[in-house]
Amino acid sequence: MRTVYVNGDYLPETEAKISIFDRGFLMADGVYEVTSVLGGKLIDFPGHLKRLERSLDELDMVKPAAFDDLLDIHRDLVRMNDIHDGLVYLQVTRGSDGDRDFAFPDPKTTAPTLVLFTQSKPGMANAPASKVGVKVISIEDIRWGRRDIKTVQLLYPSMGKMMAKKAGCDDAWLVEDGKVTEGTSNNAYIIKNGRIITRALSNDILHGITRAAVLRCAQEAQMEIEERAFTIEEAQGADEAFFTSASAFVMPVVEIDGVSLNNGVPGPIVQRLREIYLEESLKTAI
Ligand code: PDD
């Protein structure tokens, strides 16, 4: 059984409790981070903490713990649960003042709720999907306008994933005003004539920590990068495509709305980027 962390305590998962009035549960009033673990070490950890701080600030939420303590909790859980490869999930909510109310409770009297747990994924760096690539469909992006904040409002991304599954695919790319914003839980890219194209950062997309690291790697490898939005039609005519996230790293996309890319197999640039990213991120893992 897993050991999880709730508001200062390490507990067996079956003994962990939060209030039914918690605003994370009632209002999706909470933010989260997912950090991957490879070889027992945290990948891109400072980036995840920095984004957590930004999400909290944007929503006027107080920090649930000192950031050094958050690193210790991550490491404790990795050790206690014997995680070699996997994920650490962290969620902070605005807590509960013991009732349901649209107005935020006073942070002086209502503490945030802090929950962390691990997910073991042995061999995550060699996931079978990364060898064969994934298929995506496109769906309309009807999420709210602050996608740069990593909130726990994940119903539409979950629905998108189900629409993809129903269509015999793996994931969905979201389209707004004719252009791809991002994937349900990842940032989207295409490659044309050796150039990597991905939407620029704004409130329209989550500022992926893996995105930042992968673009850094691409730059160091002298690859050309163009930060701009693209259409599904342009993506279908691309040489290669991929998405990035803390759980998928660099994932080749081999089919978009039924159109195959690179004859339906992962292309050379995506494969190289994945290798470089994994190699580099392991160097800075803590
Ligand atoms: N999802 N865009 C969205 C909408 C996301 O949910 C995620 C991450 C990303 C990629 O961000 P990062 O590289 O920092 O993981 C982009 C996480 C993994 C999840 O919800 O499980």
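Among the residues of this structure, Asp29 counts as one that is within 26 Å of Leu155 (Cα to Cα), more than 16 Å from the ligand (Cβ to nearest atom) and surrounded by 15 or more Cβ atoms within 10 Å (Cβ to Cβ). Does Ala28 satisfy being without any contact (Cβ under 8 Å) to a residue 12 or more places away in the chain, among the hydrophobic types (A, V, I, L, M, F, W, C), closer than 30 Å to Phe249 by Cβ and not assigned by TED's automatic domain parsing to the domain that holds Ala213? In short, no. The residues listed here are Gly47, Gly95; of these, the one that is in contact (Cβ under 8 Å) with a residue 60 or more places away in the chain and within 11 Å of Glu33 (Cα to Cα) is Gly47.
A single member of Gly168, Gly160, Gly183 is surrounded by fewer than 23 Cβ atoms within 10 Å (Cβ to Cβ) and within 19 Å of Ile232 (Cβ to Cβ), and it is Gly168.
Region 218-286 holds strands (runs of 3 or more DSSP E) entirely within its bounds, and those carrying 2 or more residues that are assigned by TED's automatic domain parsing to the domain that holds Gly160 and small (Gly, Ala, Ser) map to 240-245. Any chance region 228-246 includes a residue that's more than 16 Å from the ligand (Cβ to nearest atom), among the small types (Gly, Ala, Ser) and under 22 Å from the mean Cα position of the chain (by Cα)? The answer is yes, given that some residue of region 228-246 is more than 16 Å from the ligand (Cβ to nearest atom), among the small types (Gly, Ala, Ser) and under 22 Å from the mean Cα position of the chain (by Cα). Is it the case, given these coordinates, that Thr244 is touching a Ser or Thr at 6+ places or on another chain (Cβ under 6 Å) and either free of Cβ contacts under 8 Å to residues at least 60 places away in the same chain or not hydroxyl-bearing (Ser, Thr, Tyr) (or both)? It is true that Thr244 is touching a Ser or Thr at 6+ places or on another chain (Cβ under 6 Å) and either free of Cβ contacts under 8 Å to residues at least 60 places away in the same chain or not hydroxyl-bearing (Ser, Thr, Tyr) (or both). Would you check if there is a residue in region 70-83 being closer than 23 Å to Thr244 by Cα and basic (Lys, Arg)? The answer is no, given that none of the residues of region 70-83 is closer than 23 Å to Thr244 by Cα and basic (Lys, Arg).
Condition check ((1) touching a residue at least 60 places away in the same chain (Cβ under 8 Å); (2) closer than 19 Å to Thr110 by Cα; (3) hydroxyl-bearing (Ser, Thr, Tyr); (4) surrounded by fewer than 15 Cβ atoms within 10 Å (Cβ to Cβ)) across all residues:
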site	(1), (2), (3), (4)
Glu15	no, no, no, yes
Gly39	yes, no, no, yes
Ile43	yes, no, no, no
Asp57	no, yes, no, yes
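The values are calculated or read from the model by the stated rules, or taken from the named source; none is laboratory data. Just so it is clear, the structure is predicted and the values come from calculations on it, not from any experiment. Backbone-built Cβ (ideal geometry, glycine too); neighbour counts: all protein chains shown.
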